[in-house]
1. Does the stretch 448-478 hold any residues that are closer than 14 Å to residue 561 by Cβ, surrounded by fewer than 19 Cβ atoms within 10 Å (Cβ to Cβ) and modelled with pLDDT of 90 or more, and which are they?
2. If we scan the stretch 253-265, do we find a residue that is closer than 24 Å to residue 181 by Cα, of a type in the set (Asp, Glu) and open to solvent by 20 Å² or more (accessible area, probe 1.4 Å)?
3. What is the one condition in (1) open to solvent by less than 30 Å² (accessible area, probe 1.4 Å); (2) more than 22 Å from residue 130 (Cα to Cα); (3) within 25 Å of the chain's Cα centre (by Cα) that residue 536 does not satisfy?
4. Those residues that are open to solvent by 50 Å² or more (accessible area, probe 1.4 Å) and of a type outside the set (Ser, Thr, Tyr), I need them from the stretch 214-237; list them, please.
5. Could you please find all residues in the stretch 394-422 being at pLDDT 80 or above, open to solvent by 30 Å² or more (accessible area, probe 1.4 Å) and of a type in the set (A, V, I, L, M)?
6. Before we move on, is residue 513 surrounded by 13 or more Cβ atoms within 10 Å (Cβ to Cβ), modelled with pLDDT under 85 and in contact with a strand residue (DSSP E or B) (Cβ under 6 Å, 6 or more places away or on another chain)?
7. Within the stretch 85-189, which helices (runs of 4 or more DSSP H) (wholly inside it) include 3 or more residues that are out of contact with any Gly (no Cβ under 8 Å at 6 or more places or on another chain)?
8. Among the residues of the stretch 43-62, which ones are aliphatic (A, V, I, L, M) and either open to solvent by less than 30 Å² (accessible area, probe 1.4 Å) or modelled with pLDDT of 90 or more (or both)?
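The values are calculated or read from the model by the stated rules, or taken from the named source; none is laboratory data. Only a predicted model underlies this, so the values are computations on that prediction, with no experimental measurement involved. So basically every Cβ, Gly included, is an ideal-geometry build from the backbone, and we count neighbours across all protein chains shown. We work out accessible area using only protein heavy atoms, side chains counted, and drop any ligands, DNA or RNA first. Shrake-Rupley method; radii C 1.70, N 1.55, O 1.52, S 1.80 Å.
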Amino acid sequence: MNTKKSTKVTIDQLLFAAAFLLALVIRFMRLAHTPLADLEADLALQALGLAEGSFAGNLSGQPGYILPTTVLFAVFGAGAALARTIPALAGAALALTPALFVKQLGRLAALILAFGLALDPGLTALSRQASGFSWAVLFSVLTYASLKNKKAVLTGASFGLAILAGALFWHGLLGAVLGWGLYTALSRSPKTDEVSLENHQAVPAEFWRRAVPAALASLILVGSMFLFVPRGLSAIGNGLVEHIQGWQLNAAGESFPLLILALVVYETLGMVFALFQAVRVLFSREKKAVDLVLIFWWFAALLLGLLYPMRSEFTLGWSLIPMWCLAARWLSEEFTLQRLERGWFAAGQAAVLFILAISTCVSLGGLLDANLAPDEVTLRWVWAIGALLLGMASVLFVRWGSSKVTAKVGIIWGLTALLAIWSISSLFSAAGLAGNTESQLWQQRPAVYEGDLLIESISDISEWNTGLKNKLDLAVINISSPALEWALRDYETVNFYEVLPVGTSPSMVITREQASPELAEYYSGQDFVWEAQPNWAVMLPRDWFKWAVYKSAPVESDLLVFWVRTDCFPGSGQDLDD
């Protein structure tokens, strides 16, 4: 008998690989298009300082991001794309992890989950930003997969690497533990006798004797960049401290309503189908353990993500993993419930419903135009109502011509196609690839707006006077902005002051938008919109609907003034030393 294992590539393996490649392309597409925001730049500057040997402060509690990025900067040089490379790679690799849970989720559900994780708007946006979030999620999932498969060394190593993500890891771990606790409490209740439980065997002591040293080894070696950066070890503890400090009631977290909008507007597809699965499971007589675990994990992750005082899209991002698991379970079960005798009826109905829904959305979207003529407003409402009636008629026709099940499947297929289109549109918006970056949720705000134009102007003045783009001296007055410091990282003579020293007259100066009489006499100034963010307070109901559809909102801006000494302009005829 031939016991040699087959090396033939299966269709499932090709599909998982396709999901990974798709995730990789989307996460690296124009990765440097948007400048680093302050929180991103703060981490990137620490990595750059380590690479150049000039960083002397304490590291933030995310060594899992800072230290690998330090290696990239040391080898390839610093840049916005490289600053986001580690999160993007980890986010893309996450699309491969469903292959490790085919047995628990089911074959079709695992495949759907892979593409869901690859194309999810929130996960894509978060993995295109400089942070430890994607690192935390990836290695946490690998830890659980290794534990399920009794791989002691991989479990320990993955857990150690996950800890290096800092506060975001501890937040995710707390949500998972809380979810598991709720599941355990429910499974022991007399009301849940019909819940089918998995056979959880105790992990032998030998497993932990191998896992714990592996965890310590990964913490020490990677956390110190193989002992080249010993202070990286102190950053491991900083991550836990930062998470605990985030529970202070005065912590400046994101707005609660905005986080709800981030879920409802961007995560519509996953939210709808995850809710369908949760309702189905909770009201069914036979409940599977995997579904209950996912439901309670999702609930706990949502609860912590929304109520955590230092909440943000990053803390909310943990809820997207169980959400997509539930959504994939529902879709896989619906698509495999039974074979339809007249499947073309369902496909036809789905196509009709999809076309009617798209045309209705376009028609109603036009109502957001305040200059629309009254006759056209009436026409658009008539079309929307007519499309609704046509859709209802198509459902009744299919139900009469085929069966109730066929009509239901047609509705599901049409709804899935419609939500998929909405999700893809939200994906490009959340990722900053469709414009209006400053108005996007799932992005760090405020967003740097005219940063490239400011840097280009500085480079032009320097080149006119010295022949080099980064040589002329520049002073930055009373501006504390890691994003600006990052943008000026390549300039050789940049000084940051609280106030301009008496008796100095730098060639170029950057100040806040304010009266500067001491500069106006000898300098010419030009203002730039440095940062912008939505002005939610002035938005009316029409503005909110417009934002939901087009992701466009009125913004409030933070201006910087770029001053150039008069004798530095070309043709001034004056000596720079005068």
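1. Those that are closer than 14 Å to residue 561 by Cβ, surrounded by fewer than 19 Cβ atoms within 10 Å (Cβ to Cβ) and modelled with pLDDT of 90 or more: 453, 457.
2. no
3. Just one mismatch for residue 536, condition (1).
4. Applying the first criterion (open to solvent by 50 Å² or more (accessible area, probe 1.4 Å)) to the stretch 214-237 yields 216, 220-221, 226-228, 230-231, 233-234.
If the condition is that a residue be open to solvent by 50 Å² or more (accessible area, probe 1.4 Å) and of a type outside the set (Ser, Thr, Tyr), then 216, 220, 221, 226, 227, 228, 230, 231, 233 are the ones that fit.
5. 411, 415, 417, 418, 420, 421
6. Yes; evaluated as a whole, the condition is true for this residue.
7. Ranges flagged: 85-93, 102-105, 107-119, 133-148, 152-163, 167-187.
8. 43, 44, 45, 47, 48, 50, 51, 59
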